[in-house]
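Q: The structure is given below, and queries will be raised subsequently.
The values are calculated or read from the model by the stated rules, or taken from the named source; none is laboratory data. Because the structure is predicted, anything quoted here is derived from the model rather than measured. Cβ sites come from the backbone with ideal geometry, for glycine too, and all protein chains shown count toward neighbours. Keep in mind that these areas ignore ligands, DNA and RNA; they rest on the heavy atoms of the full protein, side chains included. Shrake-Rupley method; radii C 1.70, N 1.55, O 1.52, S 1.80 Å.
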Amino acid sequence: MAHMTLDKKEWLSHLGQFDSNINDMMLTIYDNPSTLGYAIGYQTHFYRVFQQYKDADVKTGVIHISDLDKVCAFLKKCNGDVTIKHAKNGKTLYVTGGKLKMSLPIMDLKSSKLVPTYEKLVKASEESDWTSFGNDTYNLYGKTQLSDILKLSGLKNIVKTNSDYIVSADANSNEIAISVGKTHSTKLFATGELRDAEGPKHAVTSNFGPWLLPCLGLVDPTMPTRIHFGDASGLVVRQADNKVKRLLIIIDQQV
């Protein structure tokens, strides 16, 4: 039976980070070193995380969660370490925190259906050093922190859902910018600095939809970030240190 034991705050940092339209995920548990891995795939974005927990109690395998809302609600009532486990090919998820226990039936997993397709595209992109992803061509690269831009992720409710969501980046001015809104309505702007930027001698721009701001909420503002971007393309955000690897691909509006 695959299982992993982490402090409830660690579990919530992973399982509780998503917008309300994402309510299922598949966890993959590794050992040597103990690592939590997961990926979700939707028409609007792909998100993959690997995080090491050196001393965590684990048994390798796959854990399916089909109701994140209920699991997170239970985790909030727990204290300290919580174990999440799932028998291979089983239909029940078990969550145990001290004297509190919960079992949940495993239903349909929507977010994992597109993951294999995304993984194939990611592998091809990695082999091309992220010059492309699917039909997208990336001609701009840069390092950034994105800390100010990420603040917009919590402001999605103050703009209209039919707003224009525009990302632009300029290697010459070493800047990435996001604007959200419509003329004669509430508008939001944020900029970030690009370092070691490479790209054309003009700004590259792409249009997104209302999924842009929730997706930005998945980026860790404390980690160094690498972006890959192009005209009328999605936005690739890569983050890594010696314990964590994060990959976020936000699909543009043209797709």
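Q: When the range 162-178 is examined, which residues are found to be of a type outside the set (A, V, I, L, M) and over 12 Å from L235 (Cβ atoms)? Talk me through it step by step, then tell me what you get.
A: First pass over the range 162-178, keeping only residues of a type outside the set (A, V, I, L, M): 162-165, 168, 170, 172-175.
N162, S163, D164, D170, N172, S173, N174, E175, listed by residue number.
Q: Right, here's the next one. Considering (1) among the charged types (D, E, K, R); (2) in a strand (DSSP E or B); (3) more than 19 Å from L114 (Cβ to Cβ), say which one D55 fails and leave the rest.
A: Failing condition for D55: (2).
Q: Is one or more of the residues making up the range 233-252 farther than 28 Å from N157 by Cα and open to solvent by less than 60 Å² (accessible area, probe 1.4 Å)?
A: Step one: of the range 233-252, the residues farther than 28 Å from N157 by Cα are 240-245.
Narrowing further to those that are open to solvent by less than 60 Å² (accessible area, probe 1.4 Å): 240, 244.
Yes: the range 233-252 contains one or more residues that are farther than 28 Å from N157 by Cα and open to solvent by less than 60 Å² (accessible area, probe 1.4 Å).
Q: Is it the case that K85 is outside any loop (DSSP other than H, G, I, E, B), surrounded by 15 or more Cβ atoms within 10 Å (Cβ to Cβ), of a type in the set (D, E, K, R) and out of contact with any helix residue (DSSP H, G or I) (no Cβ under 8 Å at 6 or more places or on another chain)?
A: It is true that K85 is outside any loop (DSSP other than H, G, I, E, B), surrounded by 15 or more Cβ atoms within 10 Å (Cβ to Cβ), of a type in the set (D, E, K, R) and out of contact with any helix residue (DSSP H, G or I) (no Cβ under 8 Å at 6 or more places or on another chain).
Q: Can you work out which of the residues in the range 199-225 that are within 13 Å of Y138 (Cα to Cα), of a type outside the set (S, T, Y) and in contact (Cβ under 8 Å) with a residue 40 or more places away in the chain is surrounded by the fewest Cβ atoms within 10 Å (Cβ to Cβ)?
A: P200
Q: Please verify whether V167 is assigned to a loop (DSSP other than H, G, I, E, B) and buried (at least 17 other Cβ atoms within 10 Å of the Cβ), treating the condition exactly as stated.
A: So V167 does not fit the description; no.
Q: Which one is surrounded by the most Cβ atoms within 10 Å (Cβ to Cβ) among residues in the range 140-164 that are part of a helix (DSSP H, G or I) and β-branched (V, I, T)? It would help to see each step written out before you state the result.
A: If we filter the range 140-164 for residues that are part of a helix (DSSP H, G or I), which is where we start, we get 147-158.
Those still in the list that are β-branched (V, I, T) too: 149, 158.
Details: I149: 21, I158: 11.
Among those residues, the one meeting the criterion is I149.
Q: For T137, state whether it is within 17 Å of F189 (Cα to Cα) and either touching a Phe, Trp or Tyr at 6+ places or on another chain (Cβ under 7 Å) or surrounded by fewer than 16 Cβ atoms within 10 Å (Cβ to Cβ) (or both).
A: So T137 fails the test.
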